[in-house]
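Peer 1: Take this structure first; my questions come after.
The values are calculated or read from the model by the stated rules, or taken from the named source; none is laboratory data. The structure presented is a predicted model; accordingly, all values stated were derived computationally and were not measured. Quick reminder, even Gly has a Cβ in these numbers, built from the backbone with ideal geometry, and neighbours come from all protein chains shown.
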């Protein structure tokens, strides 16, 4: 795998790093897109109606919701208007990824359709998010050949990773015996235990990306310039033994931690009374303890302290809206503060 390029920063661009656009005889470059509302309409708008694409749900049991389908688009070149829109707006949100194949694009679309529904080791069917860059990386890792993983006609993957802020490109591992590639049975590809672990890691990655977006919107400045994914990964693992494992609980925890200006319950500066509440299982489940901790914090937080903390939070600009309250309207000010605290 020595010919697999090392990752390169997203900021360097698709073609300014380690990967080059293949020559015409080396295969088609395709873009698999998902996660954009009304994607079919946008594809038409972005290209002026000049594009070749296939909705993956067409001709499958999911055809009834084809408006939600991922699309496989054949790119005309590095300046393709759909590709340029993806590079401009779709990297942070991970709308999809690129792939290279010497096969007809219709054959590639059919192969991806066969991966839409896979089977767990116990034979339970599962819908696979084939357009998710992390999921395709879990299903088709560089260390597995076409004999070991369902690469099919896919010769290379070029994938954005918004967590690590980098591009990655790889191809199947060598197949020195030139053995036939893995075929997908009619009832779906069967996952092994390793596949399941990798896909579970993808689910957790998705949850943490959603939590990072929540923190950026509701807790600005709390994590500073640090990698939010790494900080949130560490925090959620730390509190898992306390029964704080759901997305809603994580959001409440982040609000609490941001108000305390803390990133770990084990920090020497973390308030002991709040730690005791969060770790005391006699107070109820994780959600009940979070509510108790917030109530305790609010009961011991003066309006002046709350105002000072809010307005001195990095990036905060009148977060409580005090500038909109006319002089002498103390009750309105109190109500606004109460709303913010809850």
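Peer 1: Can you name the residue in region 13-41 that is touching a residue at least 12 places away in the same chain (Cβ under 8 Å) and in a helix (DSSP H, G or I) and is also nearest to residue 158 (Cα to Cα) among such residues?
Peer 2: Going through region 13-41, the residues touching a residue at least 12 places away in the same chain (Cβ under 8 Å) turn out to be 13-15, 17-19, 21-22, 26-36, 38-40.
Subsequent filtering for residues that are in a helix (DSSP H, G or I) retains 26, 39-40.
On the way: 26: 15, 39: 21, 40: 23 Å.
Filtering first and then ranking leaves 26.
Peer 1: Take the conditions over 27 Å from residue 210 (Cβ atoms) and surrounded by 20 or more Cβ atoms within 10 Å (Cβ to Cβ) and apply them to residue 73. Does it pass?
Peer 2: No.
Peer 1: If I filter region 61-80 for residues that are assigned to a loop (DSSP other than H, G, I, E, B), modelled with pLDDT of 95 or more, in the same structural domain as residue 112 (by TED's automatic domain parsing) and out of contact with any strand residue (DSSP E or B) (no Cβ under 9 Å at 6 or more places or on another chain), do I get at least one hit?
Peer 2: yes
Peer 1: Still on this model: What tally of residues in region 56-70 results from selecting those that are farther than 30 Å from residue 216 by Cβ and surrounded by fewer than 18 Cβ atoms within 10 Å (Cβ to Cβ)?
Peer 2: 9
Peer 1: May I ask you to say which residue of 98, 115 is within 20 Å of residue 23 (Cα to Cα), out of contact with any helix residue (DSSP H, G or I) (no Cβ under 6 Å at 6 or more places or on another chain), modelled with pLDDT of 95 or more and buried (at least 19 other Cβ atoms within 10 Å of the Cβ)?
Peer 2: Numbers: 115 fails: within 20 Å of residue 23 (Cα to Cα).
Of the residues listed, the single one that is within 20 Å of residue 23 (Cα to Cα), out of contact with any helix residue (DSSP H, G or I) (no Cβ under 6 Å at 6 or more places or on another chain), modelled with pLDDT of 95 or more and buried (at least 19 other Cβ atoms within 10 Å of the Cβ) is 98.
Peer 1: Something else about it: Mind listing whichever residues of region 229-248 are on the phi > 0 side of the Ramachandran plot and exposed (fewer than 14 other Cβ atoms within 10 Å of the Cβ)?
Peer 2: none
Peer 1: Residue check, residue 118 against (1) within 17 Å of the chain's Cα centre (by Cα); (2) on the phi < 0 side of the Ramachandran plot, all met but one. Which one?
Peer 2: Looking at each condition in turn, residue 118 falls short on (1).
Peer 1: Exactly one of (1) surrounded by 15 or more Cβ atoms within 10 Å (Cβ to Cβ); (2) not in a strand (DSSP E or B) is unmet by residue 169. Its number?
Peer 2: Just one mismatch for residue 169, condition (2).
Peer 1: Output the residues belonging to region 206-228 that are in contact (Cβ under 8 Å) with a residue 12 or more places away in the chain, surrounded by fewer than 18 Cβ atoms within 10 Å (Cβ to Cβ) and outside any loop (DSSP other than H, G, I, E, B).
Peer 2: The answer is 206, 207, 210, 214, 216, 218.
Peer 1: Another question about this same structure. For the condition surrounded by 22 or more Cβ atoms within 10 Å (Cβ to Cβ) and either in the same structural domain as residue 69 (by TED's automatic domain parsing) or assigned to a helix (DSSP H, G or I) (or both), what is the one hit in 157, 91, 87?
Peer 2: Going through 157, 91, 87 in turn, the sole match is 157.
Peer 1: Please find, among 72, 87, 91, 140, the residue that is free of Cβ contacts under 8 Å to residues at least 60 places away in the same chain and either within 19 Å of the chain's Cα centre (by Cα) or over 25 Å from residue 205 (Cβ atoms) (or both).
Peer 2: None of the others qualify; the one that does is 140.
Peer 1: In region 236-256, what residues are in contact (Cβ under 8 Å) with a residue 12 or more places away in the chain, more than 15 Å from residue 298 (Cβ to Cβ) and part of a helix (DSSP H, G or I)?
Peer 2: 236, 238, 239, 242, 247, 248, 249, 250, 251, 253, 254
Peer 1: Given the structure, is residue 198 modelled with pLDDT under 95, surrounded by 15 or more Cβ atoms within 10 Å (Cβ to Cβ) and touching a helix residue (DSSP H, G or I) at 6+ places or on another chain (Cβ under 9 Å)?
Peer 2: In short, no.
Peer 1: Could we say that residue 179 is outside the structural domain of residue 83 (by TED's automatic domain parsing), on the phi < 0 side of the Ramachandran plot and at pLDDT below 95 here?
Peer 2: So residue 179 fails the test.
Peer 1: Anything in region 94-137 that is out of contact with any strand residue (DSSP E or B) (no Cβ under 9 Å at 6 or more places or on another chain) and part of a loop (DSSP other than H, G, I, E, B)? List them, or say none.
Peer 2: 115, 122, 124, 129
Peer 1: Looking at 153, 133 in this structure, which one is within 21 Å of residue 60 (Cα to Cα) and without any contact (Cβ under 8 Å) to a residue 60 or more places away in the chain?
Peer 2: Testing whether each residue is within 21 Å of residue 60 (Cα to Cα) and without any contact (Cβ under 8 Å) to a residue 60 or more places away in the chain leaves just 153.
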